[in-house]
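What follows is one structure encoded as structure tokens, with my remarks underneath.
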Amino acid sequence: MKITPEIIHALQKSIDHHGNVTQFAKSLGIAHSTVLFWLSGKTTEINGRIWAQKLRPELAPFLEMEPATASEILPYELGEPRGEYTRMFHPDRKERTAVLSPEQLAELDITIEPVREFIERIAPEKTFAFAAPWKDTYFAVAYSTPLLPFKLAMLVATGEYPGQGEVILAKLREKDRIVAGRFRKENDTLTIELLFSPRNEVLSWNFREKPGYLSWIFPIVEIQSDLRGEL
């Protein structure tokens, strides 16, 4: 994919949205130096698979261009349905994301099955509308807590790593427990301050001494109240 001025403009806007180049590269799972090469012009082409699977969904909300130019950049020919790009090109439109129950999510084992294949196999019937830009690597979970008389819809970013102080959803190997909380890392110690816990529970462990304590952990992008009882 040739790097155009429109792509550079959208790239810079997305970087500003993430905070800096490092956070942007971390979010996409690509090298920091690769992004710098795109911006500096040292690299004039983007690998087709990186463009289709990672960069294009990220830049779509920031691509401000004439329709003719958009038709050249967005539908990169890898055989995907055209409707997906039309949807991503309108960032103000809320997208409905598949919602899993905690019981379904407890069955997820990323060591033997990719998240996307798991969701397709489970085929959840319920969906929920979120304000965050849509990505096909996102899923939602219906989260219940005794502290609230309604459920929470949490939008989860699979394939991304949580940063210091971010809110996360994690699966603990102990009883296949699903927890939501604030993540912190200090040296070899991981800490999760559980949200919505009546006892203000805090989980803390040395990940080198207990490497199997955590099955998986993903950042939570958005949390909404299910006041209408959709879940």
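The values are calculated or read from the model by the stated rules, or taken from the named source; none is laboratory data. All values derive from a computational prediction rather than experimental measurement. FYI the Cβ positions are ideal-geometry reconstructions off the backbone, even for glycines, and counts take in every protein chain you see.
Tabulated data
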read-out	value
Index of the failed condition, A132 passing every other in (1) in contact with a helix residue (DSSP H, G or I) (Cβ under 6 Å, 6 or more places away or on another chain); (2) among the hydrophobic types (A, V, I, L, M, F, W, C); (3) surrounded by fewer than 17 Cβ atoms within 10 Å (Cβ to Cβ)	(1)
Residue satisfying condition, being within 30 Å of A25 (Cα to Cα) and at pLDDT below 85, within set E125, E166, E186, E160	E160
Residue list for the stretch 162-221, restricted to those being of a type in the set (G, A, S) and loosely packed, with under 13 Cβ neighbours inside 10 Å	G165, S204, G212
Hits in the stretch 97-114 - residues which are assigned to a strand (DSSP E or B) and either over 17 Å from V179 (Cα atoms) or at pLDDT below 85 (or both)	T97, A98
Sole residue being buried (at least 17 other Cβ atoms within 10 Å of the Cβ), of a type outside the set (K, R), at pLDDT below 75 and outside any strand (DSSP E or B), chosen from A10, A52, A68	A52
